[in-house]
Amino acid sequence: VQLQAYGGGLVQAGGSLRLSCAASGRTFRNYAVAWFRQAAGKEREFVAAPNGRDGSPYYSDSVKGRFTISRDNAENTVYLQMNSLKPEDTAVYYCAADYGIGRPRYAASQYYYWGQGTLVTVSS
């Protein structure tokens with residue numbers, strides 16, 4: 001599956017952005033998806049996935065309550081709505097996918113397919 005992430009940009013603290021990740025090449029609904037991010041000089045970290053262990057969206061503590069993930073299988077797209085952005089949210093955001101939706105995945109090593117990343121910069 002090919003993934004293309006877009007929607008990043010420059011925004012002031014407190015602002016909002018919506019990232020999109022368009023998938024092509026396979027039956028998207030059979031793939032687990034997630035958003036990760038990587039700030040300069042830091043490791044790639046998990047941000048959100050549509051289905052956690054209890055089937056509900058799962059978020060990292062740093063974005064919980066501010067970000068919302070959703071997926072539209074008909075459109076082969078996963079979204080990340082980011083509100084109340086903070087300077088520490090500045091990073092390259094990546095969407096990821098892996099075949100099989102039976103188990104939640106929170107580690108980057110568990111995803112095989114990656115988009116090219118989209119840069120989000122939050123100014124103070």
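Just grab the label-to-label distance for Gln2 and Glu75, each label 7 Å out from Cα along the Cβ direction, in nm (one decimal).
2.0 nm
Find how much the distance from Ser84 to Trp114 grows on full extension, using 0.36 nm per residue of separation minus their present alpha carbon separation; answer in nm with one decimal.
So the extension gain works out to 8.2 nm.
Would you mind getting the accessible area per residue of the chain, heavy atoms of the protein chains only, 1.4 Å probe, in Å²?
Computed with neighbouring chains in place, this is 52 Å² per residue.
For segment 68-74, take each phi angle, set θ = phi - 60°, evaluate the Karplus expression 6.51 cos²θ - 1.76 cosθ + 1.60, and give the result in whole Hz per residue in order, putting x for glycine and proline.
Per residue, the Karplus-derived 3J(HN,Hα) values read 9, 9, 8, 9, 10, 5, 5 Hz.
Which entry in [x] 41, 28, 24; [y] 40, 28, 27; [z] 50, 26, 22 is this structure's computed Cα extents along the principal axes in Å?
The listed entry that was calculated here is [y].
Amide H of Val47 versus every other amide H placed in the peptide plane: which residues, excluding those fewer than 5 positions away on the same chain, fall under 5 Å?
Counting only residues 5 or more places away or on other chains, the set is Trp35, Phe36, Arg37.
Just the number, please: carbon plus sulfur as a percent of the accessible area of the chain, 1.4 Å probe, no ligands or DNA/RNA counted.
45 percent
How high is the relative contact order of the chain, in percent, counting Cα pairs under 8 Å that sit 6 or more residues apart?
Rounded, it is 37 percent for the chain.
Let me know the charge dipole size of the chain about its Cα centre in debye, to the nearest 20, where only the beta-carbon of Lys, Arg (+1) and Asp, Glu (-1) is charged.
In debye, rounded to 20, the chain gives about 140.
The values are calculated or read from the model by the stated rules, or taken from the named source; none is laboratory data. Everything quoted here is computed from the prediction, not taken from an experiment. Note that we place each Cβ from the backbone using ideal geometry, even for glycine, and neighbour counts take in every protein chain shown. For accessibility, only protein heavy atoms count, side chains too; no ligands or nucleic acids. Shrake-Rupley method; radii C 1.70, N 1.55, O 1.52, S 1.80 Å.
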